[in-house]
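Q: I'd like to ask some things about the structure below.
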Amino acid sequence: MTLAYTQGGEWLVWTTASEPNLALYAARDPSVLRIYQEDHVLNVVRSVPLKIDRVCEIVVRVEGELCDVFDGTEEIIAVVIQRPSVRLVSVRSQ
């Protein structure tokens with residue numbers, strides 16, 4: 001996928017987690033658990049229903065196993081850019 005878009009706009013949303021909400025175990029040592037509390041900035045750069053289109057260029061190329069699902073007639077109705085921002089990380093060893 002290749003995407004070029006204009007940042008900003010009125011559909012910029014900041015979501016804040018009220019408590020830690022993402023737990024991940026370490027691959028090398030599953031007894032180590034990291035718990036993240038994340039905030040997210042969401043930028044809606046294309047939405048057909050909302051009549052938003054700040055996308056300058058978009059190219060989607062499908063190869064391999066996904067070719068069974070995509071036949072080239074699909075329409076992109078929304079593009080949301082998500083930028084996670086982690087504000088708290090806790091590490092526990094079990």
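Residue-by-condition table, conditions (1) on the phi < 0 side of the Ramachandran plot; (2) surrounded by fewer than 11 Cβ atoms within 10 Å (Cβ to Cβ); (3) of a type in the set (Asp, Glu):
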position	(1), (2), (3)
2	yes, yes, no
8	no, yes, no
12	yes, no, no
18	yes, yes, no
29	yes, yes, yes
37	yes, no, no
45	yes, no, no
65	yes, yes, yes
92	yes, yes, no
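Q: Among the residues of the stretch 28-62, what is the count of those that are among the polar types (S, T, N, Q), at pLDDT 90 or above and in contact with a Leu (Cβ under 7 Å, 6 or more places away or on another chain)? Walk me through how you get there before you give the answer.
A: Taking the stretch 28-62 as the starting set, the residues that turn out to be among the polar types (S, T, N, Q) are 31, 37, 43, 47.
Subset that is at pLDDT 90 or above: 31, 43, 47.
This time we only want the ones that are in contact with a Leu (Cβ under 7 Å, 6 or more places away or on another chain), so: 43.
Summing the residues that are among the polar types (S, T, N, Q), at pLDDT 90 or above and in contact with a Leu (Cβ under 7 Å, 6 or more places away or on another chain) in the stretch 28-62 gives 1.
Q: Follow-up. Filtering the stretch 46-94 down to residues that are among the polar types (S, T, N, Q) and over 21 Å from the mean Cα position of the chain (by Cα), which residue is nearest to residue 19 (Cα to Cα)?
A: Looking at residues that are among the polar types (S, T, N, Q) and over 21 Å from the mean Cα position of the chain (by Cα), I get 90.
Q: State which residue pairs qualify: first residue touching a residue at least 24 places away in the same chain (Cβ under 8 Å) and inside the stretch 34-45, second residue aromatic (Phe, Trp, Tyr) and crowded, with 16+ Cβ neighbours inside 10 Å in any location, beta carbons under 8 Å apart, and separation of 6 or more residues or different chains.
A: 45/5
Q: Ok, one more. On the basis of being more than 22 Å from residue 10 (Cβ to Cβ) and loosely packed, with under 10 Cβ neighbours inside 10 Å, does residue 69 make the cut?
A: yes
The values are calculated or read from the model by the stated rules, or taken from the named source; none is laboratory data. Only a predicted model underlies this, so the values are computations on that prediction, with no experimental measurement involved. Using ideal geometry, Cβ is built from the backbone for each residue, glycine included, and neighbour counts are taken over all protein chains shown.
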